[in-house]
Structures are given as structure tokens and as C-alpha cells.
Amino acid sequence: HNEMDGIDATLHHVKNDTPVVQLDCKTAFENLSPNERLYAHYIARASFEGALIDFLQMSPESAGIFVVLHRIFAAESIDKLKEKALSAGFTGEEWQNFLVWSAALYASHGNYKDFGDSKFIPVVAANKLHAFVASSAAASLSPDLLSIYREVESAIYSLTKRTAGLGFNDSGVTTYHSDNVTKDDSDRINRFMKEKNLEAWNTRLFKEVNGGQTTLKIKIASTNNKTGVTEDGEFEGVKVLQEKGDYAPILAKTCVHLSKAAEFAATPNQKAMMNKYVEHFNSGEIKDHKDASRMWIKDVGPIVESYMGFIENYRDPAGVRSEFEGFVAVVNKETSKKFAHLVKEAETIIERLPWGKAYEKDTFLKPDFTALDVLAFGVSGIPCGINIPNYDDIRQNEGFKNVSLSNVISAQPKQKIAFISEEDEKLLFDYNGKAFEVQVGLHELLGHGSGKLFQRNADGSFNFDKEKTVDVLTGGKVTSWYEPGETFAGVFGQLSCAYEECRAEAVGYTLSCAPDILKIFGHEGDFGQLIKYVNWLGSIKKGLLALEMYNADTKKWGQAHSWARYVLMNVVLEAGQGFVTIDETKDSSGADDLSFKLDKTKIDSVGVPAVREFLKKLQAYKSTADVKGATELFYKYGTVGPKALKWREIVIAKRLPRAMYLQANTKLSKDEKTVEMVTYPETAEGMIQSFVERYSSASIDDLCQLWKADQKYFPRAYGKC
């Protein structure tokens, strides 16, 4: 049963030549003391155990598919399974595709891409896959394996306009809301949360209708369900319940490892931080996670760095609920020196941004900024840099931390680069790593770290001078601001992620042109100018490649960073003067092609002024909570017209598979005193083996029980309505 709904299924296949790239942290790990290794090991275990939650947060079927695959691969060798697949009628190519599809599902923590939010399906026919699953050793070892497989079978292959991508239930798939939750329900709960001064980071929203009575249930991630359900009575005509205990068995295992990590902490603050995470996962209270985050900001310059919780809200269609993530990494001392220098100069550099003192935080809270080599990152998509915590109140008033993930930035496969000259391609191969490091540093520290939100306080006072502050766009007084309890994400909603990424990218583009800033990163003179060109070339070209992430049917973007870069490409195209040109051409085989050129002599004279002017508007609307002005501006440049749709087709035809990151496991000795690192080959089989060894059957059983309990909220995924 394979619904296609007029969708091109080939766009939803994982290519057999998808690169698998090791996150290399061997040296970093070997440089740790025995105690630091134990601390890192337990945080790694906590991160990976907690990340099982992501399968439940991705799509209704993701966790069920993962349970089936994990049991199959854990029960017998890949060689034995290959024999069974061939007997079930697989070709060699189809077997390879099944392995690559499984590896992609592991890497993405579900069957939707970690970059682009579009569904991916196996190439092998459903009847062959069914026969293979039935013939596996796991099918006889786990009595419920086949019944689980039957539940998810149609969802594995279903490609309708709705199931092709993530989004609100009317036009996409989400498990942050039950099937029957509408955008109106979501907006109503946002108003409820604001009124009660609650934050939605670690929640899901499920709706139940009984005898004409609608109940909106806020499910809160916690091990504690003793407090059970708190009745909040009626709100706008519906009953609202808060129910703790979501993901309880997974979080309980996470807490065990965090408590062990606390025993090996290097400082009392680190120990308190681990225990505070435990408190948060037990209680489900956001205030506990905010306290852990405060301790984390104070954990300055540690050797082993980590962070954990429900952090990024990219995947929730409403933009307020977050995915579980946890990471542990080792500080890369050499690269960190450059970032420390950047932090030292940050206050004076920020003055160059195009909005003036009144639009900047009263004091720049100098963050800890380090370069890290990731040991373990439990998440659906590993980023290159992070600026956290995401709590506006802490970032504005107490501080934040920046990290650049060195071994992620360097783990880029060498693939042919489309649309540019051979000369430019060589420059990107040779210098993109260095240029990207500059861009990530500026994007995280001075992009996400800059700018003020104008706020009315609970006592009626303001955090800015209402009489003297001049609106940078109108020249008059500032007439709008955030009311008490309002946050940027809450006010800007679905637009917030792409808007903020666009602002941070633009800061990087403009500041990467300053010779003194390039010098901080060790790039001077002509070489500095070369790095500047490579950054602009690589970054603006990403705006063209971003079109792959646009869904022409739903007119929606699957990725915040992609939409942000597409917007900035249009800003510089509008600036004209031959600075950036994109021409439609033909390749050697006569197929449609594109030629992308950026004139390096016009970066300072055309590119920078255009981006600065646009950046000023982005900041002005963000500071003043003007979501209407912000939306008009963003859609002016972010809408995909007929010309861009043609480009999109060419981009898709020439697209290359994104690499999957393969991570090592840490392993405790029998006496629990030493830790070793286990690495795997850079293949789909290596990825599968790393997951087989990462999770015990008990953890998989817990996940399975939670998935079964969730099913009643997602009848559409199982063809039950």
C-alpha cells in the first residue's frame, strides 16, 4: 500500500552513495584524565539514552520503525541478514539501499531528514521488506515484532502531500500535537501558557473530545507523575489539563547516568549542575532547567563541556516546543584562543552593527566561547555551532555561552560542487573550512549574542528609555515592545527560527569583511581577502542550494537556516551592479544548469551596504516586537517566484546527498574505573553497529512501550480513521 499523491518519490529516496563521516575525537579523548573520561562517559550515556525521546518527537511511526530495526540488527550479523534479504527477493542494490535508509533513520532519529524535514522512504518494494522482516531471527525472538511492523508498514511508504513533510496536522506531520490538534488549538494554548506564565519547551499538546467536552492536555516531560494531573479548569471554553510523566522511563535512565557523572565532576558547580539537570528531568519544571543553565554559564573554561535538555524548537510547527538534546565534548584549546580573543574585542565590534547603542543590551555579557570536539551528541541533527541557553530572560540579563564544534566543521566529505567555476570550486575545497569557522564564530557570538528586546516590565516600567529612544526606521519614538511574559519565539511564532538565523548570518557576512576581525582568526593581508571572498561565495551560494528545502506544493520551507540564506541571496541580487549573477546554462550533457558568480571586487561596495541596511530592519522589528513589519520584510525577499522555481528544479536535479555523522561509543571497563572509546567504519554498516552497541534491549523495550501508549493519539498514521 503505497500512497503517492502525485509526489515524485525519487526526491524522498536516500541515495546509496550517501557519505558517512566519522566525527573524529580520538585525540581529544586520549588527552583526558581518567576522571574526566568517566565524567564524559556518563554524560555521553545520558545524552544518548535521552535522545531516544527524539524518535517519539519526530513522527508517529519513527519509534516503532526504530524498535523493529534495532531488534533485527541486534539479533544477527549483517552477513546473515543479507542472505535472508536476497532470499526475500532483494537485489544487491536494494539491500545496500535498505542499509543506507536504516543508517539515515538512525542518524536523523526518525524517518524525516534532519535538514529539510522531508520524509525519506526505502527503495525496496513493501512486499519484499515484509518477507525479509518475517524471516529475521528477531521475528521469532520478539513475539510482537511482526505486529509492530504491521502497524508502521504503510507509514514507512506513505507519501501524500501531508506525510511528505513535517508541519501542522492539516498539511504536515508532527507528534508535538496529537492528530486532531489544529492551529487554533495551538494558538489557544499559547495564550493560556502566557496567562499562566508557563513555557512550553518540554511539552506536547494532545486533544481529547468526550461527549462534546474538549480537553487540551499539556503533557510535560518528567519522571515524576505523582503530582499527576493539575486541573486548570476552563480556558476560552475548553478544559485544560497539565499532565506530568511524559517520556518517564527514558528520562529515568538519563538521570541515573547524570547522577553518576556528578560523582566525577571537576568542580562543585559542575556537580551541582548535573544534579540540577536530574531535578529538572524529575520535576518537569522549567525553573529547574533555568537554574541548571545558570550554573552552566558559570562553568567557565571547563575541559569537558556539555549541555542537555529540551533545547531547540525548529521542529515544532508552532515554534514553541523543543526536541531533547544532550552533548558532551572536549575543549579544543588552540582554536579556542581565537574565540577568546574575539570575545575580548566583542564589545567594540558590536558598536559597528547598524543599529546604535539603544538597540543593544545595556552591557554585553561576555560569554565563554570555546571550540569543541564532540564526543557524543544525542540529537536528530548535529549543528556546527551553538549559542545557548535559549531562554530570553537569561540571555538578556545573565549571559550565554557559545560553542563552535570543530570536528563537525572539519568532517565535510569532498563532493563535486555544482554551479561554480573550477577555480572557485578549488578555493571552496581548500579554504571553506577556515572561512566557515570565521562565519560560525561571528554568527554565534555577535549574531545570536547581539541586540536588545524592548520590554515592558511587570511593574509597568520599561527596560529602555521610552522618551529618548529613537526608532531606527522611522526616526520617531518607539511605539511597540514585548509585554510582560512575552518572548521573541512566542510573538514571532513560526517565523522566529528562520528570522533569527537570518539576522545571525547577516552579522557574520558583514563582520567577516573587517581586516582586524579576520586577523583574530589568523588571516591577514591578501590571504584575509581570500577568506572573505570564500565566505561570501560559499554563504550566498548556499542561498541558491537552499531551494532544495522548499516544498513547492505546500509553499513551505523545511529548514530555518535554508530559508534565511535564500532571503539574504535575494537581498544581494536586488542590490544589482553585477555583484552576484545567476545565469541559466546547459551542462556538457545538454541538461539545464546554472552558473553562479560573485564579484569579489564588489563585496565591500555593494554586498556589505545592502546586507547592513537589511540587517538594520531585521533588528528594528525584532527589538520592537513588530511581527507584522518583520513578516512583510521577510516574505518580500523569502517568497519563491517563477524564476526561483525553475532554479529549484535544476538544484534538485544536481543535488548531492548530505553526509551522515557517525559517532563513537564510550565503554566502561568491568571494574568501572576506566573508559575506552570504540570507533566504527565510515559505512552504513558502521552506523548501524554503533547504534546496536549504544542501546540495551531494556532501553528499546521502554521506547516500545511509550510508542504503543502514544498510538491512540495518532490514528491517521495507522490508517485507523
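The values are calculated or read from the model by the stated rules, or taken from the named source; none is laboratory data. Note that the coordinates shown come from a computational prediction; the quantities given were computed from them, not determined experimentally. Note: ideal-geometry Cβ built from the backbone for every residue, glycine included; neighbour counts use all protein chains shown. Protein only, heavy atoms only, side chains kept; ligands, DNA and RNA dropped before computing areas. Shrake-Rupley method; radii C 1.70, N 1.55, O 1.52, S 1.80 Å.
Checking the Cα-Cα distances for Lys207/Lys708; Lys338/Lys519; Lys477/Lys628; Lys434/Lys616; Lys26/Lys338; Lys401/Lys542 against a 21 Å cut-off, the pairs over it are Lys434/Lys616; Lys26/Lys338; Lys401/Lys542.
Considering the chain at the alpha-carbon level, its Rg and Dmax are found to be 25.0, 79 Å. Give, as a single signed number, the net charge of other residues whose beta carbon lies under 11 Å from the beta carbon of Ser410, with Lys and Arg counted +1 and Asp and Glu -1. Result for the local shell: -2. Distance between the modelled labels on Glu334 and Glu672, one decimal in nanometres: 3.8 nm (7 Å Cα→Cβ projection).
Label reach from Asp392 (point 7 Å along Cα→C-beta): in segment 470-487, amide nitrogens under 16 Å belong to 479-487. A straight line joining the Cα centroids of segment 389-423 and segment 626-656 runs 22 Å.
Phi-derived couplings, Karplus 6.51 cos²θ - 1.76 cosθ + 1.60 at θ = phi - 60°, listed residue by residue for segment 152-169: 9, 3, 5, 5, 4, 9, 4, 10, 9, 4, 7, 7, 5, x, 7, x, 4, 4 Hz, with x used for Gly and Pro. With R₀ fixed at 30 Å, the C-beta to C-beta distance from Gln213 to Lys161 puts the FRET efficiency at about 0.40.
Beta bridges from DSSP with both residues in the chain: antiparallel share about 70 percent, rounded to the nearest 5. Near Cys384, no amide H atom lies under 5 Å from its own; only residues 5 or more places off or on other chains count, and H is placed 1.01 Å from N. Phi angles of segment 201-217 translate, via the Karplus equation with coefficients 6.51, -1.76, 1.60 and θ = phi - 60°, into HN-Hα couplings of 2, 9, 10, 10, 10, 10, 10, 10, 10, 10, x, x, 9, 8, 10, 9, 10 Hz per residue; Gly and Pro are given as x. The order of the peptides 583-593, 447-457, 425-435, 540-550 by mean Cβ neighbours within 10 Å, most packed first, is 540-550, 447-457, 425-435, 583-593.
Approximating the spin labels as points 7 Å out from Cα along Cα→Cβ, the Ser480-to-Leu645 distance works out to 3.0 nm.
Label sites at Ala552 and Lys183, each approximated as a point 7 angstrom past Cα along Cα to Cβ, lie 2.3 nm apart. Listed peptides 369-380, 689-700, 565-576 appear in the order 369-380, 565-576, 689-700 once ranked by packing, highest mean of other Cβ atoms within 10 Å at the front. When each of the peptides 111-121, 662-672, 184-194 is scored by how many other beta carbons lie within 10 Å of its residues on average, the order from highest to lowest is 111-121, 184-194, 662-672. Ligands, DNA and RNA left out, the accessible area of segment 554-654 computed with a 1.4 Å probe is 51% carbon and sulfur.
Charged neighbours of Tyr566, selected by a Cβ distance under 12 Å, balance to +1 (K, R count +1; D, E count -1).
Please report, to one decimal in angstroms, the Kirkwood hydrodynamic radius of segment 320-474 built from all distinct Cα-Cα pairs. Every distinct Cα pair counted, the radius reaches 18.0 Å. Shown is the FRET efficiency for Lys466 and Lys287, computed with R0 = 45 Å from the Cβ-Cβ distance and rounded to the nearest 0.05: 0.90.
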